[in-house]
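Readers should treat all values here as calculations from the given coordinates under stated rules, not as data from a laboratory. Treat the numbers as computed from the prediction; the structure is a model and nothing was measured. Every residue, glycine among them, receives a Cβ derived from its backbone with ideal geometry; neighbour counts consider all protein chains shown.
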Amino acid sequence: MSDLTTYAARWIFPVDAPPIERGTITVRDDTIVAVATHGTRTPDVELGNVAILPGFVNAHTHLDLSGAKACQAPLADARGSLEFTHWLRNVIAFRHSRTPTQVQADIALGLAECLRFGTTLIGDISAGGASWDLLTRAYCRAVVFHEVLGLSEERAAQSWQGAQAWAKQNAPLDGYVPAYSPHAPYSVRRTLYAALSSQTPPIATHLAETQAELQLLRAHEGPFVDFLKELNVWNPAGLIRDPLDVIRQLPRGIFVHGNYLDAATPFAPEQTLVVCPRTHHAFGHPRHPFPRMKVRVALGTDSLASNPDLDILAEARFLRQQYPEVEPAMLLRMLTLNGAEALGFGAVTGSLTAGKSADLVVLPLPNAESSEPHDLLFVSALAVGGVMFRGRWIVAPTPELL
Ligand SMILES: [Zn+2]
């Protein structure tokens with residue numbers, strides 16, 4: 001008896017190869033053994049009018065803020081956008097209000113939401129590394145980035161010591177990687193960025209998220225000055241001078257947001273920019289320069305403190321509407337393989353390739369034709385109908401699909 005299962009679908013999207021109409025994918029145990037054109041293999045399971053895609057990658061979230069939705073509400077300015085330092089004050093107050101038990105419940109809530117939306121690899125920024133235990137037991141792969149921050153010498157050293165002690169206690173496991181995230185240039189001493197430059201990647205940092213951040217770094221002026229003084233951490237001597245210094249120091253870095261980077265910013269081939277489209281929109285930033293930038297781009301939801309949900313496919317659909325100049329095949333790559341490569345899992349997952357892990361999403365398609373098959377994915381509101389992780393259905397395809 002064969003231990004292979006072959007699934008057929010209206011469209012298969014390998015990502016590292018063109019889409020295959022009425023193709024098949026064959027899985028043995030936890031591994032993809034073949035992706036084939038119509039007629040090559042006899043399917044065991046005919047899934048019908050669906051797409052089979054690689055499991056999605058959410059390259060940037062903060063699961064420990066999954067209870068922080070209220071941070072969004074009262075902050076809208078006259079344009080209906082969130083004002084950044086006010087929002088940060090609310091996030092800090094939220095963190096102080098949470099007990100360790102509540103933090104774990106928040107992480108569990110966010111994780112369940114990620115998995116339901118087809119995420120099989122998560123890059124999670126975690127205060128104190130608190131999501132490690134839950135994520136290493138979850139049906140997905142993860143990089144847990146222990147957050148580090150501190151502008152003064154003393155705070156930076158303390159934070160760095162704490163993060164290193166955590167990393168010592170938590171060795172990498174199969175599919176799970178402990179890592180570091182220097183929070184942002186307005187909260188991380190320049191010497192701390194320098195210390196991180198010699199660490200094993202991946203390393204993720206928020207960068208050039210607001211105009212106010214650039215104003216702070218370049219002129220030591222603007223709303224961040226009051227904000228940092230209020231927190232009693234104002235230390236202009238600790239600030240880096242320019243976001244480009246951060247990019248130079250992390251040759252395989254993951255740079256999150258980059259909303260105010262110049263489109264001509266030079267990046268190295270192993271660096272990644274993560275954009276968080278609906279969070280970008282919530283803060284009312286001008287159009288993001290990423291379509292013109294020469295860098296690998298991946299997608300993140302950011303947290304529920306600034307985003308409506310943790311649906312990473314919704315981020316790609318939002319971009320399809322807002323940035324029609326971006327090829328939809330590129331959007332699919334941003335949703336899958338680019339994030340996997342950024343997080344160090346590009347050889348294992350992120351595309352439907354023989355030998356890679358059987359991490360799949362089954363997405364029902366509209367009853368429509370399209371000359372561009374990717375638009376069946378993105379010009380649609382249909383929800384994920386099945387998720388397979390390491391060859392096992394985590395969200396079983398709905399009965400009408402089987
Ligand atoms: Zn973030």
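When each of Val50, Val326 is scored by the number of other beta-carbon atoms lying within 10 Å, the sequence from fewest to most is Val326, Val50. If you take all other residues with their beta carbon under 9 Å from the beta carbon of Arg241, and give Lys and Arg +1 and Asp and Glu -1, the sum is 0.
Across the chain, the convex hull enclosing all Cα atoms gives 139 Å³ per residue. Other residues with beta-carbon under 11 Å from the beta-carbon of His280 carry, at +1 per Lys or Arg and -1 per Asp or Glu, a net charge of -1.
Projecting the Cα positions of Val103, Ala212, Thr301 onto the charge dipole of the chain (unit charges on Cβ atoms of Lys, Arg, Asp and Glu, taken about the Cα centre) puts Ala212 furthest along the positive direction.
Per-residue Cβ neighbour counts within 10 Å put Cys71, Cys276 in the sequence Cys71, Cys276, beginning with the fewest. When His280, His374 are sorted by how many other C-beta atoms sit within 10 angstrom of their C-beta, beginning with the fewest, the order is His374, His280.
Around Leu111, with a cut-off of 12 angstrom between Cβ atoms, what is the net charge of the other residues, counting Lys and Arg +1 and Asp and Glu -1?
-3
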